[in-house]
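Just below is one structure, and these are the notes that go with it.
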Amino acid sequence: MVETIVFVFGLVGLGYATGWAGLLRPHVGDALADFAIVVAVPALLFRTMIEMDFAGSAPWAMWLSYFTAVPVVWLSGHAVATRVFGREAAAGVVAGIAASFSNLLLLGLPFMQGVFGRPGVEVLSLLLAIHLPIMMAASIVMFEWVRRGEGKASSPLKVLRDFLRNLFSNPLILGILAGLAWRASGLSMPAIGSRFVDAFAGIAGTVALFSMGLGLRKFGISGNVKPALALAALKLLLLPAVTLITVLALGLPPLAATVMVVAASMPTGVNPYLIASRFGTGQVLASNTMTVSTILAALTTGFWLAVAQRVFG
């Protein structure tokens, strides 16, 4: 376990150090991240969907356990930003997203693969299948609610159209849907097709982690760290703690329960920053939270993994 944690976060650190030393320019990190998100990780998800054994996976219980915890932390993040630090309501929405949006793609998938192997990736893939759509939809609804209060709400039809277009053009969603469609077809994968998929899927974790480190070098920390520290604490401590309670209450199988808790302990991903940029508020808050939580997660993720393994065996 310790070796895997050191390896996973070490790859992130190596990416950061490479950028810090000037060996690779920031745009290289962007290109590597695009490659991971558009090609390599979707290939891994495509292969996972084809080979996955859905028997006994109990996805509804897993989804309920995770997404019961998310609103608790989202609302806590919103309250911290608006009531403790005096930020406006729109920035409070960004804070809620940043406190509850786990980096399940670039960090979570490689981590689960290293710790649990393919069974862990299969469980996480069930969460990934709905994580992005739900979090995107929730962020849009919350921002529209704030805008409506300001008299700036968009047409519901336009909001829905933009959401669906963004969702079904997302490579992650396309990889999952393509795998499910191939599985439903009953066709066997040709040998040459398997070699192509395996070639990209096999490097997904390494490229994702390294590009993430380069990205952190680009984002950095842009002052006003206290709100980011508070949101990182909610992300790294409160979300996995509440998830632990919910998986115990719902009686999830040991592997599924452990993966849900560890998934909740992942640091903040880049999507809150992208959402903040789209709506024009809270970009620094989101980027600082991402950087701070990723640094601290090298310690806290190992803690939650140990707790989950102690509880669930």
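The values are calculated or read from the model by the stated rules, or taken from the named source; none is laboratory data. Given the structure is predicted, the values throughout are model-derived calculations rather than measurements. Using ideal geometry, Cβ is built from the backbone for each residue, glycine included, and neighbour counts are taken over all protein chains shown.
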Checklist entry - Across the stretch 201-259, what is the number of residues that are free of Cβ contacts under 8 Å to residues at least 24 places away in the same chain and within 18 Å of residue 301 (Cβ to Cβ)? => result 2
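Which is over 25 Å from residue 260 (Cβ atoms) and either modelled with pLDDT under 90 or out of contact with any Leu (no Cβ under 9 Å at 6 or more places or on another chain) (or both), of 22, 15? Working first, answer last.
Numbers: 15 fails: either modelled with pLDDT under 90 or out of contact with any Leu (no Cβ under 9 Å at 6 or more places or on another chain) (or both).
Of 22, 15, the one residue that is over 25 Å from residue 260 (Cβ atoms) and either modelled with pLDDT under 90 or out of contact with any Leu (no Cβ under 9 Å at 6 or more places or on another chain) (or both) is 22.
Given the criterion touching a strand residue (DSSP E or B) at 6+ places or on another chain (Cβ under 7 Å), small (Gly, Ala, Ser) and in contact (Cβ under 8 Å) with a residue 12 or more places away in the chain, identify the matching residue among 108, 96. Reasoning before the result, please.
Working: 96 fails: touching a strand residue (DSSP E or B) at 6+ places or on another chain (Cβ under 7 Å).
Going through 108, 96 in turn, just one is touching a strand residue (DSSP E or B) at 6+ places or on another chain (Cβ under 7 Å), small (Gly, Ala, Ser) and in contact (Cβ under 8 Å) with a residue 12 or more places away in the chain: 108.
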Item to check | From the options 226, 235, residue that is at pLDDT 90 or above and touching a strand residue (DSSP E or B) at 6+ places or on another chain (Cβ under 8 Å) | outcome: 235
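What are the residues in the stretch 20-29 that are in contact with a Lys or Arg (Cβ under 8 Å, 6 or more places away or on another chain) and closer than 25 Å to residue 173 by Cα, if any?
Taking the stretch 20-29 and keeping what is in contact with a Lys or Arg (Cβ under 8 Å, 6 or more places away or on another chain), we get 20, 26, 29.
Scanning the stretch 20-29 gives a single hit, 29.
Per-residue answers, yes or no, for (1) under 30 Å from residue 199 (Cα atoms); (2) not β-branched (Val, Ile, Thr):
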position	(1), (2)
27	yes, yes
32	yes, yes
40	yes, yes
62	no, yes
65	no, yes
68	no, no
78	no, yes
115	yes, no
Next on the checklist: Against the condition touching a Phe, Trp or Tyr at 6+ places or on another chain (Cβ under 6 Å), more than 26 Å from residue 68 (Cβ to Cβ), surrounded by 14 or more Cβ atoms within 10 Å (Cβ to Cβ) and touching a residue at least 60 places away in the same chain (Cβ under 8 Å), how does residue 179 come out, does it pass?
Outcome noted: yes
Checklist entry - Identify, please: which residue in the stretch 274-286 is in contact (Cβ under 8 Å) with a residue 60 or more places away in the chain and within 14 Å of the chain's Cα centre (by Cα) and is, among those, surrounded by the most Cβ atoms within 10 Å (Cβ to Cβ)? => result 286
Checklist entry - Is it true that residue 127 is at pLDDT 90 or above, surrounded by 12 or more Cβ atoms within 10 Å (Cβ to Cβ) and either of a type in the set (Val, Ile, Thr) or in a helix (DSSP H, G or I) (or both)? => result yes
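If you check residue 14 against the conditions, is it farther than 19 Å from residue 110 by Cα and surrounded by fewer than 16 Cβ atoms within 10 Å (Cβ to Cβ)?
On the way: farther than 19 Å from residue 110 by Cα: no; surrounded by fewer than 16 Cβ atoms within 10 Å (Cβ to Cβ): yes.
No, not satisfied.
Can you name every residue in the stretch 225-279 that is touching a Pro at 6+ places or on another chain (Cβ under 8 Å), over 22 Å from residue 89 (Cα atoms) and in a helix (DSSP H, G or I)?
Of the residues in the stretch 225-279, the ones touching a Pro at 6+ places or on another chain (Cβ under 8 Å) are 232, 235-236, 255, 261-262, 264-265.
This time we only want the ones that are over 22 Å from residue 89 (Cα atoms), so: 236, 255, 261-262, 264-265.
236, 255, 261, 262, 264, listed by residue number.
Quick one: count up the residues across the stretch 287-312 that are hydroxyl-bearing (Ser, Thr, Tyr) and surrounded by fewer than 22 Cβ atoms within 10 Å (Cβ to Cβ).
First pass over the stretch 287-312, keeping only residues hydroxyl-bearing (Ser, Thr, Tyr): 287, 289, 291, 293-294, 300-301.
Now narrow it down to the ones that are surrounded by fewer than 22 Cβ atoms within 10 Å (Cβ to Cβ): 300.
Number of matching residues: 1.
Restricting attention to the stretch 118-126, does a residue exist that is in contact with a Lys or Arg (Cβ under 7 Å, 6 or more places away or on another chain) and either of a type in the set (Gly, Ala, Ser) or within 30 Å of residue 252 (Cα to Cα) (or both)? Reasoning before the result, please.
Start the filter on the stretch 118-126 by keeping residues that are in contact with a Lys or Arg (Cβ under 7 Å, 6 or more places away or on another chain), which leaves none.
So far as the stretch 118-126 goes, no, none of its residues is in contact with a Lys or Arg (Cβ under 7 Å, 6 or more places away or on another chain) and either of a type in the set (Gly, Ala, Ser) or within 30 Å of residue 252 (Cα to Cα) (or both).
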Next on the checklist: For the stretch 163-176, which positions are loosely packed, with under 15 Cβ neighbours inside 10 Å and not in a helix (DSSP H, G or I)?
Outcome noted: 169
Checklist entry - Got a sec? Which of 140, 203 is within 30 Å of residue 28 (Cβ to Cβ), surrounded by 15 or more Cβ atoms within 10 Å (Cβ to Cβ) and within 19 Å of the chain's Cα centre (by Cα)? => result 203
Checklist outcome for this item: In the set 99, 81, the lone residue that is closer than 19 Å to residue 262 by Cα, buried (at least 24 other Cβ atoms within 10 Å of the Cβ) and touching a Lys or Arg at 6+ places or on another chain (Cβ under 6 Å) is 99
Checklist entry - What number of residues within the stretch 148-162 satisfy the criterion of being in a helix (DSSP H, G or I), at pLDDT below 80 and surrounded by fewer than 16 Cβ atoms within 10 Å (Cβ to Cβ)? => result 7
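Could you tell me which residue of the stretch 6-59 is farthest from residue 188 (Cα to Cα), considering only residues that are of a type in the set (Asp, Glu) and in a helix (DSSP H, G or I)? Please lay out each step first, then the result.
Within the stretch 6-59, the subset of a type in the set (Asp, Glu) is 30, 34, 51, 53.
Still in the running and in a helix (DSSP H, G or I): 30, 34, 51.
On the way: 30: 35, 34: 29, 51: 11 Å.
It comes out as 30.
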Checklist entry - Restricting attention to the stretch 187-197, does a residue exist that is out of contact with any Phe, Trp or Tyr (no Cβ under 9 Å at 6 or more places or on another chain) and at pLDDT below 90? => result yes
